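Enquirer: Got a structure for you, questions after.
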Amino acid sequence: QAQLVESGGGLVQPGGSLRLSCAADGFIFTQYAMGWFRHAPGKEREFIGTIIWTGGNTDYGASGKGRFTISRDNAKNMVYLQMDSLRPEDTAVYYCAASLSYPKFLPEDYRYWGQGTQVTVSS
């Protein structure tokens, strides 16, 4: 059974950094592009970015460009989201997801989802 488990969320001050991790299990990780999304209260789920199965290419949405970096370690079945210069408006639940195609920007194009991890940016 496919499973994605995010970790690394928490409370951080504005201007700080966090690195989220996502552990994959139950499917052939190297056959999937991985994406990160976030969902803030009262807003739609927002695309952050995606990384191709080899890790050689990434594509970011408006929310992810410039401050966020996606990487993956195929030997460990892990994908990461490095977030820098965090702002209060980055507060959301962050999700990783797996897609058979790259690049994909819509939630419906992703087959597997994690349960999410809360990130709160506040002083």
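The values are calculated or read from the model by the stated rules, or taken from the named source; none is laboratory data. Fair warning: this is a prediction, and the values are worked out from it, not measured in the lab. Neighbour counts run over all protein chains shown; Cβ positions are idealised from the backbone, glycine included. Just so you know, the surface numbers come from the protein's heavy atoms only, side chains and all, with ligands and any DNA or RNA stripped out. Shrake-Rupley method; radii C 1.70, N 1.55, O 1.52, S 1.80 Å.
Enquirer: Looking at the structure I just gave you, is A33 surrounded by 14 or more Cβ atoms within 10 Å (Cβ to Cβ), modelled with pLDDT of 95 or more, small (G, A, S) and more than 30 Å from S123 (Cα to Cα)?
Expert: Spelling it out, A33 is indeed surrounded by 14 or more Cβ atoms within 10 Å (Cβ to Cβ), modelled with pLDDT of 95 or more, small (G, A, S) and more than 30 Å from S123 (Cα to Cα).
Enquirer: Kindly list the number of the only condition in (1) open to solvent by 20 Å² or more (accessible area, probe 1.4 Å); (2) without any contact (Cβ under 8 Å) to a residue 40 or more places away in the chain that fails for E46.
Expert: (2)
Enquirer: Related question: Could you grab me the full set of residues in the stretch 6-18 that are loosely packed, with under 14 Cβ neighbours inside 10 Å and farther than 15 Å from D84 by Cα?
Expert: S7
Enquirer: Can S21 be described as at pLDDT 95 or above and open to solvent by less than 30 Å² (accessible area, probe 1.4 Å)?
Expert: yes
Enquirer: In the stretch 66-121, what residues are out of contact with any helix residue (DSSP H, G or I) (no Cβ under 7 Å at 6 or more places or on another chain) and of a type in the set (G, A, S)?
Expert: G66, S71, A75, S85, A92, A97, A98, G114, G116
Enquirer: Let me ask something additional. So, in the stretch 50-92, of the ones that are part of a strand (DSSP E or B) and in contact (Cβ under 8 Å) with a residue 60 or more places away in the chain, which residue ends up most open to solvent (accessible area, probe 1.4 Å)?
Expert: In this case the residue turns out to be Q82.
Enquirer: Also: Tally the residues that are under 16 Å from L11 (Cβ atoms) and of a type in the set (D, E), restricting the search to the stretch 85-118.
Expert: Within the stretch 85-118, residues that are under 16 Å from L11 (Cβ atoms) and of a type in the set (D, E) number 2.
Enquirer: Same structure again: Is the stretch 98-116 home to any residue that is more than 22 Å from Q1 (Cβ to Cβ), part of a strand (DSSP E or B) and open to solvent by less than 20 Å² (accessible area, probe 1.4 Å)?
Expert: Among the residues of the stretch 98-116, not one is more than 22 Å from Q1 (Cβ to Cβ), part of a strand (DSSP E or B) and open to solvent by less than 20 Å² (accessible area, probe 1.4 Å), which makes the answer no.
Enquirer: Looking at R45, R67, R72, can you tell me which residue is among the charged types (D, E, K, R) and in contact with an Asp or Glu (Cβ under 6 Å, 6 or more places away or on another chain)?
Expert: Within the list R45, R67, R72, the selection yields R67.
Enquirer: Test D84 against the stated conditions and say whether it is over 29 Å from S123 (Cα atoms) and of a type outside the set (S, T, Y). Please lay out each step first, then the result.
Expert: Details: over 29 Å from S123 (Cα atoms): no; of a type outside the set (S, T, Y): yes.
The answer is no for D84.
Enquirer: Tell me which of these V121 doesn't satisfy, since it passes every other one: (1) under 15 Å from G9 (Cβ atoms); (2) open to solvent by 10 Å² or more (accessible area, probe 1.4 Å).
Expert: All conditions pass for V121, except number (2).
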